[in-house]
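One structure is given below, encoded as structure tokens.
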Amino acid sequence: MHFTSQTDYWNSVAKSKEFTTNLNYGLISPFIKQESNIVDYGCGYGRTLNEFHEKGFNNLTGFDYAAEMISSGKKRFPFLNLKVCQDNKMGILSDSTDLVLLFAVLTCIIDDEKQQELMDEIQRVLKPGGLIYLNDFLLNDDERNLNRYEIGFEKHGTYGVFELTEGAILRHHDPLRMKELTKNFIPVVDEKTIFKTMNGHTSKGIIFIGRKR
Ligand SMILES: C[S@@+](CC[C@H](N)C(=O)[O-])C[C@H]1O[C@@H](n2cnc3c(N)ncnc32)[C@H](O)[C@@H]1O
């Protein structure tokens, strides 16, 4: 299926997809307090913020560019503060946030400059010493992935980009690319893992928690 914009793709799956890269609460809990101000960028239907809510956090805000995701999240978790955003901007004050979550969002942004624009916005909104907690997908070396990376490279000019027949255009990252994107954060956790994907496969992944420099 072809969508004119990726926002349309994410709107189209707002009621059908379950997202999968898990919150590892034990990794982040030593660095936050109950009153911490937590923002989830690309929050989807709000499942991760709901986990923080269940643990007693109240200062929670989610942003997503897909209005249908936000509306689905508001129905599932009416107590969450979820907002539609645009252009990788959050419209909140600089130096205002203790923790930004970024779970499986860079994978949706295939363009280097757009990825950097979002990382810069996250730097802007974090308090000095504030944290980013990022989950994302890394390059794999199995045949299914190698074939689709090759086709994606021909079409999009970036290795690791691939298209799903359902209309999503996604990116798996070279670990060096992740280093580049996180260069303005002091690493606190930097681990490789295996994540389940939203379509039931597995993929290499990264868990990164970093402090704003
Ligand atoms: C794979 S889903 C993950 C959702 C959520 N972070 C989770 O883990 O449950 C990616 C989400 O990011 C949103 N998204 C992708 N690119 C975005 C962008 N540039 N700005 C805001 N939201 C974006 C999509 O609409 C989608 O809801």
Query raised in the report: Filtering segment 133-151 down to residues that are under 30 Å from residue 31 (Cβ atoms) and aliphatic (A, V, I, L, M), which residue is farthest from the chain's Cα centre (by Cα)?
Result: 139
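Quick grid of which residues meet (1) β-branched (Val, Ile, Thr); (2) surrounded by fewer than 20 Cβ atoms within 10 Å (Cβ to Cβ); (3) within 16 Å of the ligand (Cβ to nearest atom); (4) part of a loop (DSSP other than H, G, I, E, B):
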{"position": "17", "(1), (2), (3), (4)": "no, yes, yes, yes"}
{"position": "23", "(1), (2), (3), (4)": "no, yes, yes, yes"}
{"position": "36", "(1), (2), (3), (4)": "no, yes, no, yes"}
{"position": "52", "(1), (2), (3), (4)": "no, no, yes, no"}
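Take the residues in segment 1-15 that are among the hydroxyl-bearing types (Ser, Thr, Tyr) and outside any helix (DSSP H, G or I), then tell me which one is surrounded by the most Cβ atoms within 10 Å (Cβ to Cβ). So that I can check it myself, show each step before the final result.
Filtering segment 1-15 down to residues among the hydroxyl-bearing types (Ser, Thr, Tyr) leaves 4-5, 7, 9, 12.
Still in the running and outside any helix (DSSP H, G or I): 4-5.
Working: 4: 7, 5: 9.
My answer is 5.
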**Report entry** Where residue 100 falls short, out of the listed (1) crowded, with 17+ Cβ neighbours inside 10 Å; (2) near the ligand (Cβ under 9 Å from one of its atoms); (3) not charged (D, E, K, R)
**Finding:** (2)
Requested in this report: Identify, from the list 158, 193, the residue that is free of Cβ contacts under 8 Å to residues at least 40 places away in the same chain and either over 21 Å from residue 109 (Cβ atoms) or not in a helix (DSSP H, G or I) (or both).
Outcome: 193
Query raised in the report: Applying the selection to segment 117-149, what residues are buried (at least 22 other Cβ atoms within 10 Å of the Cβ) and among the polar types (S, T, N, Q)?
Result: 135
Query - Answer from 144, 124 - the residue that is in a helix (DSSP H, G or I), more than 16 Å from the ligand (Cβ to nearest atom) and charged (D, E, K, R) - result: 144
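What about residue 86, is it touching a residue at least 40 places away in the same chain (Cβ under 8 Å) and surrounded by fewer than 22 Cβ atoms within 10 Å (Cβ to Cβ)?
Values: touching a residue at least 40 places away in the same chain (Cβ under 8 Å): no; surrounded by fewer than 22 Cβ atoms within 10 Å (Cβ to Cβ): yes.
In short, no.
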Query raised in the report: Looking only at segment 73-105, which residues are under 19 Å from residue 211 (Cα atoms) and charged (D, E, K, R)?
Result: 95, 98
Query raised in the report: Only one of 110, 70, 132, 92 is assigned to a helix (DSSP H, G or I) and either within 15 Å of the ligand (Cβ to nearest atom) or free of Cβ contacts under 8 Å to residues at least 60 places away in the same chain (or both); which?
Result: 70
Report summary line: Counted residues in segment 196-213 being loosely packed, with under 14 Cβ neighbours inside 10 Å and either within 17 Å of the chain's Cα centre (by Cα) or part of a strand (DSSP E or B) (or both) come to 2
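Laboratory data are not the source of any read-out in this text; all were calculated from the coordinates shown. Owing to the predicted nature of the structure, the values given are computational and were not obtained by experimental measurement. All Cβ positions, glycine included, derive from the backbone under ideal geometry; neighbour counts span all protein chains shown.
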